[in-house]
Structure formats: structure tokens, C-alpha cells
Amino acid sequence: MADFGALSLVPPLLAIVLAIWTRRPILSLFLGIWSGGVIATGSIGIGQTFDWIAESIADVFHAQILIFTLLLGSGVALIWRLGGATAVGNWATNRLETPRNAGAATWILGLLLFFDDYANTAIVGSTMREISDRMRISREKLSYIVDSTAAPVATIGLSSWVAFQLSMIDEGYTALVESEEYALAAADTPGAFQTFVGSIPFNTYSLLAIVMVGIIVLSQRDYGEMLDAEHRSWRTGKVNRDEAQPLQEVEKDLGAPIEERPMLRTFFAPILVLIAVTLSGAFWTGYQTWVSDQAEAGAPTSLETAVDNDGLVQVLVDVVGAGDFAAALVWGSFAMVATLILFGLAYDLFDLGDGVETVLDGFALMLTAVTILVLAWSISAVAEELGTGSYVAGIAEGVVSPAVLPIVVLLVSAFVAFTMGSSWATMGIVTPISIRVAYELTGTFELMPVMVGAVFSGAIFGDHSSPISDTSVLSATFTGADLIDHIRTQLYYAGTVLFVVIVCYALYGFLGVSPVLFLPLGVVLLVGLVYGLSAVDAQRKGLVPRASSVDVDRTDRTPDAEPGSAPEDLD
């Protein structure tokens with residue numbers, strides 16, 4: 001592969017800068033991909049551009065995620081059509097009486113759905129959108145809560161993420177063993193699972209990002225562009241700004257729901273079906289693959305024997321990690337749609353023709369999101385083709401101080417994820433390199449959990465700050481937010497957490513402070529920064545840090561009020 005050097009940074013950075021500047025992500029992404037085609041071919045590059053786009057669609061995993069997204073759109077449309085959103089809005093209005101309660105419910109639900117980040121964003125975003133609208137929580141705030149509890153939870157929970165992370169750690173150790181330079185045997189390296197468990201406290205960004213959401217939700221204090229968004233939403237009822245381009249507009253695109261018999265079961269039952277079928281599918285496919293792998297390796301295929309030999313947690317990680325989550329998500333979303341159609345027919349709310357028409361309307365809801373997803377995957381392929389990640393990671397290999405190495409790995413991973421829009425691609429590139437560099441510097445495996453945690457932390461931050469990230473796209477989609485507004489408002493909070501992570505890593509590297517101490521200190525520092533920054537920014541803008549403390553007339557907040565509409569008595 002040709003070495004494009006610094007030119008490899010041009011396509012992703014061009015797309016990101018244009019997206020934030022113009023607020024037109026589709027055009028910006030296409031121009032970024034096209035610039036990559038020009039660099040790769042040395043000509044007009046349009047043929048290479050469409051080759052990358054076609055390849056991203058042809059990828060089986062990507063195709064499955066597109067099908068899942070389209071079916072989820074149909075599920076959302078059917079829930080809206082059957083009055084499920086109306087029913088849950090009525091129910092929540094009497095129980096989640098404040099924005100704090102609604103935000104806390106969103107945060108907790110995000111923590112509970114730890115098994116997959118895509119499913120997390122889809123379920124939590126779709127479930128809480130109607131409720132948060134009733135509470136006048138801005139779509140930007142809802143997207144932040146959803147996005148910042150999806151990947152961070154998945155990266156430390158029992159999920160497909162953990163299996164991928166384990167495979168990258170194992171790849172790094174295998175490269176050391178196979179290198180003649182170090183004369184290592186496989187028995188000399190620690191286990192991948194042992195390293196992963198040790199890395200959890202050093203996956204500091206994920207841990208503190210989750211805590212940060214809780215601080216923001218419970219304190220109800222905001223700063224940066226989120227403060228403006230919350231004041232706009234609270235004062236006027238406009239959950240999106242006037243010029244926003246939401247990736248999904250259920251109310252506008254689907255019209256009025258059937259409100260003859262709004263029933264909670266038409267909302268919660270399909271969601272439960274989605275979760276149950278997805279988890280069952282993931283475990284089933286994982287078990288089948290695990291049995292096959294065990295048999296091929298000559299190991300016991302009995303779960304009981306495997307648990308006795310390796311422990312329950314290790315076996316669960318192996319089984320879940322081997323599961324085909326993308327296929328399981330397709331099965332779950334299809335089961336959700338089928339359940340909703342059966343509800344509509346059983347309760348005589350619509351006929352089969354109306355049901356199919358609503359399914360197609362749901363597909364239409366997702367066209368913008370699907371287009372952005374395809375282009376985001378395509379520009380990630382451009383970055384991989386041009387060697388963007390390897391170029392950035394290679395620059396950092398010259399670092400010689402073990403004390404600053406965690407910070408450098410954190411920042412390199414963050415930049416790679418920011419430019420590639422993929423935390424998984426970042427982990428795949430940077431994890432093996434960071435393991436090798438750490439061993440070269442120290443000659444031991446002591447720093448390995450720190451390196452792995454720093455890679456994961458940086459990858460998740462980059463994912464949160466990049467408009468070409470698939471999880472950012474899906475978070476904005478299922479919450480009905482403008483993608484660029486979501487990124488711009490979330491960046492202040494993600495940046496705050498990153499700053500605290502750097503402080504924690506500095507305490508560890510230079511003073512030897514363990515995670516037992518630096519994590520609580522990090523939480524205290526986050527609380528102080530939230531209160532301090534919100535007070536300063538609010539004073540500068542002539543606002544108050546807590547938008548919900550402003551006394552406004554909210555008489556329009558009735559079950560029949562259109563979500564996002566401004567009350568008549570307010571300008």
C-alpha cells in the first residue's frame with residue numbers, strides 16, 4: 001500500500017470541518033470521500049469514490065445494521081400510528097413530573113441496556129423522546145444522554161464490545177510472541193481477559209462519561225451551547241432550533257396518531273420483544289459458534305465443564321462475544337414490527353394495508369440517517385485505505401517517557417477515532433501498537449492494562465466528538481435531533497471529561513496515584529467543573545445555569561399538546 005503520510009488526514013478532517021461549518025453532513029461526507037479518491041488515484045477520483053460507497057453497503061455487517069435501522073424506523077412509525085407514544089406520554093406526565101426525573105430515567109435505562117450500543121441508542125432514544133418533549137428537554141440534551149451512556153456502558157459491560165477488545169489485546173500479545181526481537185513465549189504473556197479486567201479502572205473516559213451524565217442530569221446545570229439549547233426548549237417549548245434538520249421527524253412525517261384507544265402495551269410490549277429476541281439471538285448464535293470453536297480446538301463443548309475449568313465470567317464473555325449481534329438485531333427489530341402489526345389487527349386499529357403502508361413510512365423516516373451512515377462508513381474506509389490511523393499512531397511511537405505514555409496513547413486514540421469515526425477501527429489499529437511500545441519502554445507487562453484502558457478511553461471520546469461516527473448518527477436519529485447540533489453541544493461535556501481523564505493519568509504517571517484514589521478525585525473535579533463552568537457561562541450570557549428554574553407558563557404541557565410546539569402565550 002502506498003504511503004500517503006499527512007495527506008491521509010485530509011479526507012476525514014475535510015468532512016468533519018465542512019460538516020460543523022456548513023451543518024450539511026451528507027454533502028460534507030461526500031466531498032471528504034471524493035477528496036480521498038483524488039488522493040488515492042491522482043486523478044478526478046469519482047470512480048474510486050463510488051467504489052468505496054458501494055463496498056460499505058456490500059459489507060454484510062453494515063448491510064445488517066442498515067436493515068436493523070430501517071426496521072426500527074418502521075417500529076417507531078407503528079408505535080406512533082397505534083397511539084403508543086401518546087399512551088406513554090400520558091403515563092409519564094403523571095409520574096416523571098420534572099425534567100430531572102425524565103433525564104434520570106433516560107440515564108438509568110441507558111445503563112441497563114449494556115449489551116449493545118446500537119440497540120441502546122435505538123431503544124432509549126425512541127422510548128424517551130416523547131417523554132422528554134413533554135418535559136421540554138431539548139433534543140440536544142436527550143441525544144447527549146443517550147450517546148454518552150451507549151458506547152461507554154457497552155465497552156465495560158457484557159457485550160460484543162468486550163469480545164472485540166479481548167481479541168485486540170490477544171492480537172497485541174501474539175505479535176510480541178511472534179517477534180524474534182523479544183524472545184517471548186505465549187506462557188510469558190498475561191491473559192487477555194486478565195488484562196481487560198485490569199484495564200477497566202483505566203478506561204477512565206468511559207467511567208467518568210457515565211458519571212458526567214448523572215451530574216448534568218441531577219444538577220440540571222448546563223454550559224456551552226447546551227445551556228442555550230436548554231433555555232430555548234424550556235422557555236419556548238421548541239425542542240429543536242428553528243433551522244435544525246432532525247434526522248427523524250415522526251410527528252411531521254407521519255401525521256396524527258390513532259388516539260381512539262392509546263394503550264401502553266402497544267409501546268412497551270414491542271420494546272420487550274425487541275430486547276428479548278435480540279438477546280436470545282445473540283446468545284444462541286454465540287453458543288453455536290462457541291461449541292464449534294471448542295470442538296475445533298479439542299476442548300470440552302459442555303458449558304458445565306467449561307465453567308469448571310475457566311470460570312463463569314470467562315465462559316459468558318466467550319459465548320456473548322461469539323454472538324452475531326448484527327443478525328440478532330435484525331431478528332429483534334423484525335419481531336418488533338410483526339408484533340406491532342398483530343396488535344393493530346387484533347385491536348382493529350388498522351387493516352393490513354394500513355400496516356404495510358406505515359412500515360414503508362417508517363423506512364422513509366430513516367433515509368437521511370441511512371445515507372449518513374453509509375457515507376460515514378465509506379469515509380472510514382477511505383481513512384483505512386490511505387493509512388490515516390497507522391500514520392497518526394506511528395507518529396506517537398517515538399515517545400520515550402512511561403509517565404506520559406498513557407496520556408499520549410489517550411490523545412492519539414482520540415484523534416484516530418475522531419478522524420475515522422469508528423472506535424472499533426481505532427481499537428484495532430492502536431491497541432497492538434500501544435502494547436508493543438509499552439513493552440519496548442519497560443520490558444514488562446505492568447503497563448498493559450493502563451495502555452489498553454487509555455486506548456479504549458480515547459476511542460470512545462473520539463467517537464463522541466466526531467460527526468462521522470455511526471453511534472453519533474444513530475443517537476441523533478432515534479432522538480430526533482440535528483446531527484451537528486448534537487455534536488456541537490456534546491463536545492463541551494466530552495471535552496470536560498477528557499480534561500479530567502488527562503489529570504487522572506498525570507496523577508498516575510507522575511505521582512503513582514492508583515485508580516482507587518484518582519477516580520473519586522476525578523468525580524469531585526467533574527462536579528466542580530460543572531458547577532463552575534455553568535455559573536461562569538450563564539453569567540456571561542445573562543442566563544441562569546439551570547434553565548428549568550426559570551418561571552415560565554407551561555400550561556400547554558397537556559397530553560394533547562404537539563411535542564416541540566411553542567405555547568401560544570410565549571414568543
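The values are calculated or read from the model by the stated rules, or taken from the named source; none is laboratory data. Just so it is clear, the structure is predicted and the values come from calculations on it, not from any experiment. So basically every Cβ, Gly included, is an ideal-geometry build from the backbone, and we count neighbours across all protein chains shown.
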| message | If I filter the stretch 20-46 down to residues being under 23 Å from Ser466 (Cα atoms) and among the polar types (S, T, N, Q), which single residue comes out as surrounded by the most Cβ atoms within 10 Å (Cβ to Cβ)? | response | Ser28
| note | Those residues of the stretch 281-292 which are farther than 10 Å from Ala335 by Cβ and not aromatic (Phe, Trp, Tyr) amount to Ala282, Thr285, Gly286, Gln288, Thr289, Val291, Ser292
| note | Of Ala122, Ala63, Ala54, Ala85, the only residue that is part of a helix (DSSP H, G or I), within 24 Å of Met263 (Cα to Cα) and more than 18 Å from the chain's Cα centre (by Cα) is Ala85
| query | How many residues does the stretch 47-68 contain that are farther than 21 Å from Asp324 by Cα and surrounded by 13 or more Cβ atoms within 10 Å (Cβ to Cβ)? | reply | 6
| message | Considering only the stretch 402-410, I want to know if a residue exists there that is in contact with a Ser or Thr (Cβ under 9 Å, 6 or more places away or on another chain) and over 29 Å from Tyr205 (Cα atoms). | response | no
| request: Identify all residues within the stretch 452-466 that are among the hydrophobic types (A, V, I, L, M, F, W, C) and over 20 Å from Glu140 (Cβ atoms); write none if there are none. | output: Val452, Ala454, Val455, Phe456, Ala459
| request: Any chance you could count how many residues in the stretch 1-51 are of a type in the set (Phe, Trp, Tyr) and either in a loop (DSSP other than H, G, I, E, B) or under 15 Å from Ile484 (Cβ atoms) (or both)? | output: 2
| Count of residues meeting criterion [basic (Lys, Arg) and part of a helix (DSSP H, G or I)] in the stretch 88-112 | 1
| said: For the stretch 356-376, give me each residue that is farther than 16 Å from Thr479 by Cβ and β-branched (Val, Ile, Thr). | reply: Val356, Thr358, Val359, Val370, Thr371, Val374
| message | Where the second residue is of a type in the set (A, V, I, L, M, F, W, C) and not in a helix (DSSP H, G or I) and the first is under 16 Å from Thr155 (Cα atoms) and lies in the stretch 207-227, which pairs have Cβ atoms under 8 Å and are six or more apart or on separate chains? | response | Leu207/Ile156
| Are there any pairs, at least 6 apart or on different chains, whose C-beta atoms fall under 6 Å, with the first in the stretch 295-318 and within 19 Å of Thr285 (Cβ to Cβ) and the second in a loop (DSSP other than H, G, I, E, B) and modelled with pLDDT of 80 or more, and if so, which? | Ala295/Thr301; Ala306/Pro300
| query | Looking at (1) free of Cβ contacts under 8 Å to residues at least 24 places away in the same chain; (2) under 28 Å from Val76 (Cβ atoms); (3) touching a Pro at 6+ places or on another chain (Cβ under 8 Å), which is the one condition that is false for Asp242? | reply | (3)
| query | Out of Gly84, Gly125, which single residue is buried (at least 22 other Cβ atoms within 10 Å of the Cβ), in contact with a Phe, Trp or Tyr (Cβ under 7 Å, 6 or more places away or on another chain) and at pLDDT below 85? | reply | Gly84
| task | Could you pull out the residue among Asp242, Asp228, Asp253 that is surrounded by fewer than 21 Cβ atoms within 10 Å (Cβ to Cβ), part of a helix (DSSP H, G or I) and at pLDDT below 95? | result | Asp253
| said: So, Phe510, is that one at pLDDT below 95 and either outside any helix (DSSP H, G or I) or buried (at least 21 other Cβ atoms within 10 Å of the Cβ) (or both) or not? | reply: no
| said: So, Gly421, is that one surrounded by 20 or more Cβ atoms within 10 Å (Cβ to Cβ), at positive phi and within 26 Å of the chain's Cα centre (by Cα) or not? | reply: yes
